[in-house]
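The values are calculated or read from the model by the stated rules, or taken from the named source; none is laboratory data. Note that the coordinates shown come from a computational prediction; the quantities given were computed from them, not determined experimentally. Note: ideal-geometry Cβ built from the backbone for every residue, glycine included; neighbour counts use all protein chains shown.
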Amino acid sequence: MRAIQITSLDGPGAIELTDVPEPEPSHMMTPGEGVVVAVEAAGVAFPEVLQTRGQYQFKPDLPFVPGAEVSGTVLAASDGAGVAVGDRVAAFCFLGGFAEQAVAPPHMVFKVGDELDAAQAAGLVLNYHTAYFALKLRGRLAEGDKVLVHGAAGGVGTAAIQVAKGLGAAQVIAVVSTDEKEQVARDAGADDVVRSDGEWRAQALEISGGGVDLVVDPVGGDRFTDSLRSLAEDGRVVVVGFTGGSIPEVKVNRLLLRNTEVIGAGWGAYVMSRPQLNREIGAAIDALIASGHVRPIVGARFGLERAGEALELIDGRGALGKVVLDVADRP
Ligand SMILES: NC(=O)c1ccc[n+]([C@@H]2O[C@H](COP(=O)([O-])OP(=O)(O)OC[C@H]3O[C@@H](n4cnc5c(N)ncnc54)[C@H](OP(=O)(O)O)[C@@H]3O)[C@@H](O)[C@H]2O)c1
């Protein structure tokens, strides 16, 4: 089958389209158990950019097929997998998604209905499960809370806006860097949008009426202290990622002064060994799809052979919503 491989750690431009064997229904994280998916679309995300340079925390031996998540149709499933041949699914395969077939652990495969097309389904698991995990399970989002989302036009950001609204947030303030990204954040459902290169902290304090209850931060870098300063009392900053490049440090006296918290949210490794939690998050996301709140915002789409361009777009801070590879021919 056709697949994209990372063969050297020279960045997004150095990946190769090649032929590899089709996978068996057994995943490296659940040996002997797995679900093989005929891939229709594959989601592209920041970790894959890091993988092309060997900068991601998980470093497989070269060469390997990247691609953490896909949508498509079940081709084969081990006993007890909970899905059947022919089911339409979204699946988190961790690696191997940039290919015509991918294998995922059974508890990371979720049936999808007609509300989502293939590209949207390919952007469902990583971003929306992370958003729910960060907002609800780690950040303890309650109905009526005010939420500020950094990197709000990106994959995690657009998902966080929609999940926050779906869980009853009273106000979602998006932080973005350009006009185009402002539009994406509004399309995702943000109530207010502020600019990362402007007086965003002062604006957020003003439009929230004194501070937000929750900040979701996939960006990090030098805006972190201002995130703490934009919290209301009892507020929480949830740390999700560091696309800004640098890892911030916290002066903990700030936490004491206003009774605030900094909380880590690392979804992938945590849920990988917790099948029941995955099912619960999957059910919560299904409910938000049914209520119309979750509709992944798909941005640029590329054929499999153009995966390098997709990665370069993310690397260059150009992604609007979810970047997707159309692996099967589009109807
Ligand atoms: N903790 C977890 O479990 C988990 C799960 C999934 C993803 N993540 C992490 O979350 C982060 C965001 O992922 P994503 O898929 O949402 O990425 P994305 O779609 O590329 O969006 C990231 C956003 O970060 C902002 N940004 C600021 N400085 C940037 C820079 N120098 N380069 C690139 N982007 C920059 C950009 O928004 P502006 O231009 O508007 O500032 C961009 O829209 C990544 O670090 C990823 O590894 C963590």
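So the values come out like this:
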item: Residue in segment 273-293 that is within 13 Å of the ligand (Cβ to nearest atom), in contact (Cβ under 8 Å) with a residue 12 or more places away in the chain and in a loop (DSSP other than H, G, I, E, B) present; result: no
item: Qualifying residue in segment 15-33 (condition: farther than 20 Å from residue 122 by Cα and crowded, with 23+ Cβ neighbours inside 10 Å); result: yes
item: Evaluation of residue 251 against (1) surrounded by 14 or more Cβ atoms within 10 Å (Cβ to Cβ); (2) assigned to a loop (DSSP other than H, G, I, E, B) (one fails), failing number; result: (1)
item: Contacts under 7 angstrom Cβ, first residue in segment 126-150 being touching a residue at least 60 places away in the same chain (Cβ under 8 Å), partner aromatic (Phe, Trp, Tyr) and more than 8 Å from the ligand (Cβ to nearest atom), 6 or more apart; result: 126/92
item: Which listed residue is surrounded by 14 or more Cβ atoms within 10 Å (Cβ to Cβ), at pLDDT below 95 and at negative phi, from 244, 266; result: 244
item: Residue ranges of strands (runs of 3 or more DSSP E) in segment 28-147 with at least 1 members closer than 27 Å to residue 318 by Cβ; result: 35-44, 69-77, 88-92, 101-104
item: Residues located in segment 192-240, provided they are in a loop (DSSP other than H, G, I, E, B), within 15 Å of the ligand (Cβ to nearest atom) and surrounded by fewer than 20 Cβ atoms within 10 Å (Cβ to Cβ); result: 196, 197, 198
item: In segment 175-188, the residues that are charged (D, E, K, R) and either under 20 Å from residue 301 (Cβ atoms) or within 7 Å of the ligand (Cβ to nearest atom) (or both); result: 180, 181, 187
item: Selection from segment 149-174 of residues that are more than 7 Å from the ligand (Cβ to nearest atom) and among the aliphatic types (A, V, I, L, M); result: 149, 159, 160, 161, 163, 164, 167, 169, 170, 172, 173, 174
